[in-house]
Amino acid sequence: MLLDTASLYFRAFFGVPDSITAPDGTPVNAVRGLLDFIARLTGEYRPTHLVCCWDDDWRPQWRVDLLPSYKAHRVEEVVPGAPDVEEVPDPLEVQIPVIRALLEALGIAVVGAPAAEADDVIGTLATDAGMPVDVVTGDRDLFQLVDDDLEIRVLYTARGVGKHEQVTDAVVRTKYGVAGSQYADFATLRGDASDGLPGVAGVGEKTAASLLTSYGDLAGIRAAAADPTVPMAAGLRAKIKAAADYLDVAPRVVAVRRDLDLGVTTTDLVVPGGDDEHPLPRAPESLVELVDRWGLDSSVRRVLEALTR
């Protein structure tokens with residue numbers, strides 16, 4: 001089970017009342033919500049391996065160099081020589097170090113990589129995992145990983161963790177008319193305002209799906225547009241040609257990386273309590289201190305009970 005951690009703690013922050021505070025008045029609604037999500041998901045699916053995938057860089061410079069509009073509307077501050085600062089509500093910002101400390105004390109693996117988003121970590125861990133994989137996210141971009149043959153599915157949390165949807169190839173086809181393996185090209189053509197992807201002007205979801213059905217992938221679509229002997233509406237051909245500069249770079253921005261050197265093995269990712277080498281919790285004294293300081297007894301207890309089961 002691979003968790004898109006930021007996706008989940010943002011959802012928790014906006015979904016759990018901000019009246020949930022620590023004894024000193026510090027908000028802990030995102031912390032509490034994330035812990036409750038983990039308890040619910042691990043209790044329901046009982047994974048053998050569990051990873052909180054982390055955004056070491058939420059807007060990698062190499063993606064910005066390719067497409068300057070990428071997530072540009074979410075930048076709060078540009079820091080020369082360092083990752084851009086994402087616009088995050090102050091009451092959430094103070095909770096992120098608490099989340100990280102709790103995960104480490106519990107013994108849940110937290111994995112990130114330099115110049116990489118959590119999506120890239122997820123893509124790398126899901127590829128050649130050697131076991132079924134559940135990706136937990138509210139981000140449609142990760143539908144590109146869905147693969148029934150490899151038993152990779154997305155637990156999609158857009159309607160809430162309690163109402164999450166199990167997304168398989170059949171679901172992607174029903175929703176969008178494309179296979180999971182075509183979803184990255186589909187998203188490139190359609191665009192995504194939330195990520196600053198303009199898409200191809202005049203090409204929406206239905207047209208994108210139709211093009212992929214006819215020509216297979218983005219390379220096939222561009223080749224068809226460039227070949228006057230291939231049947232294609234003149235207006236559509238012109239739109240694809242006009243978007244050449246965008247289409248030269250966007251696929252590399254949209255595609256999650258699957259080849260990161262994460263410095264972990266499958267053994268490192270075993271659920272805490274799963275064997276003698278992964279105690280639950282990993283750091284009992286630190287966990288007790290964190291629970292007392294932040295008033296998290298009930299949420300931590302639920303996580304411990306779910307992992308024990």
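Of the helices (runs of 4 or more DSSP H) lying entirely inside region 52-151, those containing at least 3 residues that are loosely packed, with under 15 Cβ neighbours inside 10 Å span 61-66.
Going through (1) surrounded by 18 or more Cβ atoms within 10 Å (Cβ to Cβ); (2) at pLDDT below 95 one by one, THR308 falls short only on (1). Do you know which of the residues in region 183-203 that are closer than 19 Å to LEU145 by Cβ and out of contact with any Gly (no Cβ under 8 Å at 6 or more places or on another chain) is surrounded by the fewest Cβ atoms within 10 Å (Cβ to Cβ)? Applying the filter and picking the extreme gives SER194. Annotation note: of VAL264, VAL253, VAL249, the sole residue that is in contact (Cβ under 8 Å) with a residue 60 or more places away in the chain and buried (at least 18 other Cβ atoms within 10 Å of the Cβ) is VAL253. Considering only residues in region 152-180 that are crowded, with 16+ Cβ neighbours inside 10 Å and among the hydroxyl-bearing types (Ser, Thr, Tyr), the one that is farthest from SER214 (Cα to Cα) turns out to be THR157. Among the residues making up region 1-23, those that are among the charged types (D, E, K, R) and either buried (at least 19 other Cβ atoms within 10 Å of the Cβ) or free of Cβ contacts under 8 Å to residues at least 60 places away in the same chain (or both) are ASP4, ARG11. Contact annotation: no residue pair with Cβ atoms under 6 Å, 6 or more positions apart or on different chains, pairs a residue in region 62-87 that is assigned by TED's automatic domain parsing to the domain that holds ALA115 with a partner that is of a type in the set (Gly, Ala, Ser) and loosely packed, with under 11 Cβ neighbours inside 10 Å.
Each row is one residue, and each column tells you yes or no for (1) under 30 Å from THR267 (Cβ atoms); (2) in contact with a strand residue (DSSP E or B) (Cβ under 9 Å, 6 or more places away or on another chain).
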residue	(1), (2)
GLU44	yes, no
GLU77	no, yes
PRO80	no, no
VAL94	no, yes
ILE99	yes, yes
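The values are calculated or read from the model by the stated rules, or taken from the named source; none is laboratory data. What you see is a predicted model, and the numbers here were worked out from it, not measured in a lab. FYI the Cβ positions are ideal-geometry reconstructions off the backbone, even for glycines, and counts take in every protein chain you see.
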